[in-house]
Amino acid sequence: MTRDNETPPRRVEGQVKWFDPTKGFGFVVSESGGPDILLHANVLRNFGQSSVSDGSGVELLVQETARGLQATEVLRIDPPAPGDSPVLEDALRLDAAELAALPLEPARVKWFDKSKGFGFANVFGRQQDVFVHIEVLRRSGLADLQPGEAIAIRVTEGQRGQLAVMVGPWESAVSGGSQG
């Protein structure tokens, strides 16, 4: 149902220009051009994520409102293309097939400090904390994590202990989906 001054939602593919979890919103640039699209944190949360990494590819349902283009639903998020940022050797030693073979495990964020570039998560049934690096988040299409946030992770044994090599929405672990 639309108001008189709104158009029906349409499907758009684009790229996240920026998203600030603290402010609760960000903007997406459409592949077909046009004005920036507002992406509100509530719309992202309905997809099962609390943040999205700058440069991530997205598919959205978008609606023209009196205030401009706004995302009404997130349909897909693709991690940004690898860039020039430093990467984790332990995470990169796995090829795509080995990474996909690791089980998605439900976990909760213990803490994450974006300014430090890392944090830790607790996987249910494991005693040892799992290290989560900001680069793994970025490659998973996320920008930040909140303490207590439910997530799904793939874990490998790194040089210094257990290491997350993929982080995704909680629903991907409990539904048995494969993401990343």
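The values are calculated or read from the model by the stated rules, or taken from the named source; none is laboratory data. The shown structure was predicted, so the numbers you read here are calculated from the model rather than taken from an experiment. Glycine gets a Cβ as well: all are built from the backbone with ideal geometry, and neighbour counts include every protein chain shown. Heads up: the accessible areas ignore ligands, DNA and RNA and are worked out on the full protein's heavy atoms, side chains in. Shrake-Rupley method; radii C 1.70, N 1.55, O 1.52, S 1.80 Å.
Taken together, Q63, Q49 contain a single residue that is in contact (Cβ under 8 Å) with a residue 12 or more places away in the chain and within 21 Å of F112 (Cβ to Cβ), which is Q49. Among the residues making up the range 123-134, those that are surrounded by 15 or more Cβ atoms within 10 Å (Cβ to Cβ) and over 16 Å from the mean Cα position of the chain (by Cα) are V123, D129, V130, F131. Can you confirm whether the range 80-102 contains a residue that is surrounded by 15 or more Cβ atoms within 10 Å (Cβ to Cβ) and at pLDDT 85 or above? Within the range 80-102, one or more residues are surrounded by 15 or more Cβ atoms within 10 Å (Cβ to Cβ) and at pLDDT 85 or above. A residue that is within 18 Å of D144 (Cβ to Cβ), open to solvent by 30 Å² or more (accessible area, probe 1.4 Å), part of a loop (DSSP other than H, G, I, E, B) and in contact with an Asp or Glu (Cβ under 6 Å, 6 or more places away or on another chain) cannot be found anywhere in the range 65-79. When P147 is tested against (1) farther than 23 Å from R11 by Cα; (2) modelled with pLDDT under 85; (3) open to solvent by 60 Å² or more (accessible area, probe 1.4 Å); (4) not aliphatic (A, V, I, L, M), only condition (2) is not met.
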